[in-house]
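Undergrad: Before I ask anything, let me first share the structure, which is written out below as structure tokens.
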Amino acid sequence: MEGNKSSGGGGGASWADQWDYNDTVTVSSREKEEKKSSTRSAKYKHKVGQGLEKTKAVASTGVNKVKQGTSLGIQWIKNKYHKTTQKQ
């Protein structure tokens, strides 16, 4: 069947073989997309992680201020109580 060969006659791939989309091309493009999405997600995870570190630092500072304020408030109440009970 000479008619099925490519027009070059050099024994190369037929037209159908040249334009055949097989799974190897699709898999490699899928792998590229997965790599792109994984690098994107890694980038966003890094940014979110930085934001969370800042949030943790602010929350820690806020908790320490609340603890200190509460401690001072309780101490003030104790002092007021002792002053009123010592007068009697």
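Undergrad: S6 passes all but one of (1) in contact with a Gly (Cβ under 7 Å, 6 or more places away or on another chain); (2) at pLDDT 80 or above; which number fails?
TA: It fails just one condition, (2).
Undergrad: Which residue is modelled with the highest pLDDT, if the candidates are limited to segment 18-27 and must be part of a helix (DSSP H, G or I) and surrounded by fewer than 10 Cβ atoms within 10 Å (Cβ to Cβ)?
TA: Q18
The values are calculated or read from the model by the stated rules, or taken from the named source; none is laboratory data. The shown structure was predicted, so the numbers you read here are calculated from the model rather than taken from an experiment. Glycine gets a Cβ as well: all are built from the backbone with ideal geometry, and neighbour counts include every protein chain shown.
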